[in-house]
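Peer 1: Let me begin by handing over the structure; questions about it come next.
The values are calculated or read from the model by the stated rules, or taken from the named source; none is laboratory data. Source: prediction; values computed, not measured. FYI the Cβ positions are ideal-geometry reconstructions off the backbone, even for glycines, and counts take in every protein chain you see.
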Amino acid sequence: MIHSYKRVGRLVRSSVSNLGFKQAFSVAVALLISLGAFAQDVVTGKVTDAADGSGIPGVSVAVKGTTRGAQTDANGTYKVNAGSNATLVFSFVGYTTKEVAVGSKSVVNVSLAADNKSLEEVVVVGYGTQKRKEISGTVTSLGSRDFNAGVVTNPLAAAQGKVAGLVITQASGDPNARPTVRLRGTGSLNAGSEPLYVIDGVIGAPIENIAPEDILSMDVLRDASSAAIYGSRGANGVILINTKRGKSGTPTVDYSAYAGSESISQRPELLTGAEFRAAAAKYGQKFDDLGANTDWLDVITQTAISQNHNVGVSGGSENVSYRASVGYLDQTGTLKGSGKDRLTGRLNLDAKAIDGKLAMKVNMSASQTNNQFTDNRAVGFAMNMRPTDPVYNADGTYFQIPGTFANFNPLATIESKSNKQRLHDFLFNASAGYTILDGLVFNVSGTLRTQTADGSYFAKSTPGNLLATVGGNAANRQLNSITDKQLETTLNYSKKLNDVSTLNVLAGYTYQDVVADGFAAGNNNFLTDAFEANNLGSGLGIRTNPSLLGSYKNEYKLVSFLARAQYSLLNKYFATVNVRRDGSTKFGDNNKWGVFPSVSVGWALSEEAFLKGNSTIDNLKLRVSWGQTGNSEGIRPLLSKSFYGASGSYFDGAANDFLPAYSIQSNPNPNLKWEINENIGGGIDFSLLKGKLTGNLDVYTRTTKDLLYTVNVPQEKGYVYPTMLANIGSMKNQGVELSLTYQILESTDWNIATTLAASFNKNEIVSLKNDSFAAPDQVFLSTSLGSFIRGTSAVNFSVLQAGHPVGEFYGAKIAKIENGKYVFQDLNGDGVVDPNAADRTYIGNPNPTFVGGLTTNIRYKAFDLQFQLTSQLGAKIVNTNALLLGRQDGRLAESGALKSALTSIINDERTIPMDYYVESGDFLRINNASFGYTLPVKGVFKRARIYVAGNNLAVFTKYTGVDPEISQNLAIGSAAPGIDVRETYYKTRAITAGVNLSF
């Protein structure tokens, strides 16, 4: 730059001598202007992401007040001419804009924070997008950074603790298990309580088949005003996922990988052989001591190794862009015999034509998942075996305690079975949008999704195998498939009505056709184990049991009309109205169609004169909403009809043989329809202290009407079958949700931010009857606690009753312990103690009242640290290990025992539900943490980061069982929330090391 200045000066001086005074003066002025233009310093630097320190390409670096500027390259570096009195403005879509004075600096490095709460940020909503400042419903957004925290094979696990009101429970360490997901409490008894998943606009696509590395954003529609556009499927909220897409420019390759190990994080402490012998001697128990010292839980568990790889390639031109990715996951389980491997592929294409009026997209994905399941009952058997017994007999066969109903060898239970499934999933979606006129866009989308599950099961005839005592070896094969076709057309019109108001109107039609069919064949009593499930015809069992063969096919269709209007006035008053009309073949002839409306309004107080320009309040918006959605998920087709099914056999004299018999399997219910979820709520969105503190606060009342429930019906009134699915009763959830993000420190070298997501919820069953049908006053939820537990397999702790929360525990209360025996309270005061019936009361609520997560991100230069705490308060748990494995008078020697069971209390009345075994489920967990370093890169590399991470690092709780985070599943007749089932797959702790590369 100095060389250029001198050269220009010499040229000017050589010309002045030949000019007059005026001309010389003019040239001198021009010289001064030139000096001002050329006497600039070269300022260089790098723009990095405040979250992880990586360079950000494409950032605009402008010299404020001029037209000069530059753009960062692929590594985030830039070079610009700027004087010492200049101010540089750094801006990029999705990040906060930053201004920095140059001063005497020649190097200006800047870190930009993600502007996730920016009012101009575009948020994905149903069938479109909307600016965050204009949203009047309740929507929470997560970005791609939220899906990179160690071993995360299911995107839902990565969202745990990050969305207020979204409760994600990962109660099992089984790699094949899905987490339980609840949004704003349990909203149904029979129809399912899981949110609807929409992936790249495709409704119902399986979320577990998405590699977390492919996710760009996740938007959670938490209230009915936002979810009503999805009608009869939006009652439990909607989770919208958009995957990453290509951009124009030089191709980019992203590679991520990790490898790690998992082990059981908490496990019951069992007696050693020596401790068992001492306990038996203390209590005068005799047993056949075989001299072993076996830790049966250690025998059936292992340290599991996992690895994950993902490669993505993206790029494009001005009119065509692409992103393709391939992922591979291999994960073994900590319980022997379990594991999975998954291969995924995804291709997203975007194209523009006709001067940008036509926009086209193609999304394709395919996956193959190989699941290997184990028998969780082995865990229960392991806790019931004597530690003095060996794993194997002297001849190498499995040791087995004599007796048909004694405990089974846990290792034999696992190793003598093979239970596998191969799952293929393919999805093709093509869409196009054409701009007919300015602001008028027609969209059409078509989807074809197929899923095939091929399963095989085989149980050997090996002694010690559970089935060996009840019929020898057995095998079966199943083939199930789903074909899902979807068609959507929408017309969207956006219009700025005048200088102060805008209107956006959407109208659409959707069609969905889902066909499910399957075939299963089984057999038993094979002459050899050699063929496993690959020669079913050679077994003898099918000769006398034709029910070992079966097949099915069902189909349902859904037709919908939808509309939405969004209105904005003065950039501070906002309103949205949704309505959807659904017609479904699932429900009765009298209720084929349903209408689901919603309305929401928002008021940006910060735009009013009395707050505008306030130095503390950047943004303050009030929201109020009302809406109705439906719940038809989990209800299979044909339940509104009367249909026949195979039911045993009868002897036909003419044929001189037994022939299959058929009987009515259901009563017709022409009034059957979806559940109605009505949601009334209000909230506040705010940003304070120049964006340092942002968040929102919501309150809601969620009422589920027309609950789907299977009622008993009197056959004397013409009903052929004793039960029928009907709409009866209602349920209510009320709560408060709070989200806060605080930017603790932000500088060139440091960035520290923390986010809190917390929710309070109260659940209550309002009614379990209607004008025609009623459930019993108390419905006892029979829950299997474990198999072959000395004659005890179920204890009915949980009930459904109006005026109480779902699954509240109901039982006797202990007054005291006397001579090692329980003394129960006489609760009704009649002088007769009856803990089985008359003297029972409510003894605990299994539903948490508070669930929260605190996520903190720290960056110092190239180092980054992230950790998350999760917590749950208010829930009670039935500790079934203590209940079923406690000391029994005279029976210690029949099995092993927990160390905690060797107390003075003799648990001979374990079949009675009682408060003694109901404990607090409160906990605080270090859910995950990661520490990374972004390496300086050169050449082809754009980014290189290495990290170590841990999941489920520690839990703090007073619960004396294994782990307080247990399943919240509700399945009438088989499962209830808050029951710590004994035969569970224990949670794991994972330690991983990984790398992220871009080039």
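Peer 1: Out of the range 567-586, which residues are among the hydrophobic types (A, V, I, L, M, F, W, C) and farther than 22 Å from residue 488 by Cβ?
Peer 2: 569, 570, 574, 575
Peer 1: Hey, can you tell me all the residues within the range 60-85 that are modelled with pLDDT under 85, within 39 Å of the chain's Cα centre (by Cα) and not in a strand (DSSP E or B)?
Peer 2: The initial filter retains those residues of the range 60-85 that are modelled with pLDDT under 85, namely 60, 64-71, 73-75.
Within this subset, residues satisfying the condition of being within 39 Å of the chain's Cα centre (by Cα) are 60, 71, 73-75.
Correct list: 73, 74, 75.
Peer 1: Which members of the range 126-175 meet the condition of being β-branched (Val, Ile, Thr) and closer than 27 Å to residue 367 by Cα? It would help to see each step written out before you state the result.
Peer 2: Kept after step one, since they are β-branched (Val, Ile, Thr), are these residues of the range 126-175: 129, 135, 138-140, 151-153, 163, 167-169.
Answer for the range 126-175, where residues must be β-branched (Val, Ile, Thr) and closer than 27 Å to residue 367 by Cα: 151, 152, 153, 168, 169.
Peer 1: Let me ask another. Could you run through the range 181-206 and say how many residues are buried (at least 21 other Cβ atoms within 10 Å of the Cβ), at pLDDT below 90 and within 14 Å of the chain's Cα centre (by Cα)?
Peer 2: Number of matching residues: 2.
Peer 1: Filter the range 387-436 for residues that are surrounded by fewer than 20 Cβ atoms within 10 Å (Cβ to Cβ), outside any strand (DSSP E or B) and among the β-branched types (Val, Ile, Thr) and give the result.
Peer 2: 391, 397, 401, 404
Peer 1: Out of 699, 624, 601, 711, I need the residue that is of a type outside the set (Asp, Glu), assigned to a strand (DSSP E or B), under 28 Å from residue 802 (Cβ atoms) and modelled with pLDDT of 95 or more. Which one? Steps first, please.
Peer 2: Values: 624 fails: under 28 Å from residue 802 (Cβ atoms); 601 fails: under 28 Å from residue 802 (Cβ atoms); 711 fails: modelled with pLDDT of 95 or more.
Of the residues listed, the single one that is of a type outside the set (Asp, Glu), assigned to a strand (DSSP E or B), under 28 Å from residue 802 (Cβ atoms) and modelled with pLDDT of 95 or more is 699.
Peer 1: Only residues in the range 86-106 that are surrounded by 19 or more Cβ atoms within 10 Å (Cβ to Cβ) and part of a strand (DSSP E or B) count as the first member; pair them with residues that are of a type in the set (S, T, N, Q) and at pLDDT below 85, Cβ under 7 angstrom, at least 6 apart or cross-chain, and list the lot.
Peer 2: What qualifies is 90/97.
Peer 1: Something else about it: Which ones in the range 567-588 are closer than 13 Å to residue 503 by Cβ and in contact with a Leu (Cβ under 7 Å, 6 or more places away or on another chain)?
Peer 2: 567
Peer 1: From the list 746, 716, 764, which residue is closer than 30 Å to residue 848 by Cβ and among the charged types (D, E, K, R)? Let's see the steps before the verdict.
Peer 2: Numbers: 746 fails: closer than 30 Å to residue 848 by Cβ; 716 fails: closer than 30 Å to residue 848 by Cβ.
The match here is 764.
Peer 1: If you check 176, 190, 209, which single one turns out to be of a type outside the set (A, V, I, L, M) and over 28 Å from residue 996 (Cα atoms)? I'd like the intermediate steps shown before the answer.
Peer 2: On the way: 176 fails: over 28 Å from residue 996 (Cα atoms); 209 fails: over 28 Å from residue 996 (Cα atoms).
Only one candidate passes the filter, namely 190.
Peer 1: Sticking with this one: Among the numbered conditions (1) modelled with pLDDT of 90 or more; (2) out of contact with any Asp or Glu (no Cβ under 7 Å at 6 or more places or on another chain), tell me where residue 896 comes up short.
Peer 2: Only one criterion is unmet by residue 896, namely (1).
Peer 1: Within the range 253-272, how many residues turn out to be farther than 27 Å from residue 306 by Cβ and surrounded by fewer than 19 Cβ atoms within 10 Å (Cβ to Cβ)?
Peer 2: So the answer is 1.
Peer 1: Within the range 128-180, restricting attention to residues that are among the β-branched types (Val, Ile, Thr) and without any contact (Cβ under 8 Å) to a residue 60 or more places away in the chain, which residue is farthest from residue 736 (Cα to Cα)? Can you show your working first?
Peer 2: Going residue by residue through the range 128-180, those that are among the β-branched types (Val, Ile, Thr) are 129, 135, 138-140, 151-153, 163, 167-169, 180.
Within this subset, residues satisfying the condition of being without any contact (Cβ under 8 Å) to a residue 60 or more places away in the chain are 129, 168.
On the way: 129: 26, 168: 17 Å.
Among those residues, the one meeting the criterion is 129.
Peer 1: Return yes when residue 153 is part of a strand (DSSP E or B), hydroxyl-bearing (Ser, Thr, Tyr), outside the structural domain of residue 258 (by TED's automatic domain parsing) and modelled with pLDDT under 90 and no when it is not.
Peer 2: Details: part of a strand (DSSP E or B): no; hydroxyl-bearing (Ser, Thr, Tyr): yes; outside the structural domain of residue 258 (by TED's automatic domain parsing): yes; modelled with pLDDT under 90: yes.
So residue 153 does not fit the description; no.
Peer 1: Evaluate the range 188-195: report whether one residue or more is aliphatic (A, V, I, L, M), in contact with a Leu (Cβ under 7 Å, 6 or more places away or on another chain) and not in a strand (DSSP E or B).
Peer 2: Residues of the range 188-195 that are aliphatic (A, V, I, L, M), as a first pass: 189, 191.
Filter once more, keeping what is in contact with a Leu (Cβ under 7 Å, 6 or more places away or on another chain): 189, 191.
If we keep only those that are not in a strand (DSSP E or B) too, we end up with 189, 191.
Yes; the residues of the range 188-195 include at least one that is aliphatic (A, V, I, L, M), in contact with a Leu (Cβ under 7 Å, 6 or more places away or on another chain) and not in a strand (DSSP E or B).
Peer 1: Before we move on, is residue 255 modelled with pLDDT under 90, touching a Leu at 6+ places or on another chain (Cβ under 6 Å), assigned by TED's automatic domain parsing to the domain that holds residue 366 and among the aromatic types (Phe, Trp, Tyr)? Give the steps one after another, and end with the answer.
Peer 2: Numbers: modelled with pLDDT under 90: no; touching a Leu at 6+ places or on another chain (Cβ under 6 Å): yes; assigned by TED's automatic domain parsing to the domain that holds residue 366: yes; among the aromatic types (Phe, Trp, Tyr): yes.
No, not satisfied.
Peer 1: Which of the numbered conditions does residue 642 fail, given that it passes all the others? Conditions: (1) surrounded by 19 or more Cβ atoms within 10 Å (Cβ to Cβ); (2) among the polar types (S, T, N, Q); (3) within 25 Å of residue 516 (Cβ to Cβ).
Peer 2: (1)
Peer 1: Pairs needed: first member in the range 274-300, closer than 28 Å to residue 336 by Cα; second member anywhere, basic (Lys, Arg); C-beta distance under 7 Å; at least 6 residues apart or different chains.
Peer 2: Matching pairs, first to second residue: 276/386; 289/277; 297/267; 300/336.
Peer 1: Residues of the range 828-851 being surrounded by fewer than 19 Cβ atoms within 10 Å (Cβ to Cβ) and within 22 Å of residue 920 (Cβ to Cβ), which ones? Step through it out loud before you land on a result.
Peer 2: Going residue by residue through the range 828-851, those that are surrounded by fewer than 19 Cβ atoms within 10 Å (Cβ to Cβ) are 828-834, 836-838, 841-842, 849-850.
Passing the criteria: 841, 842, 849, 850.
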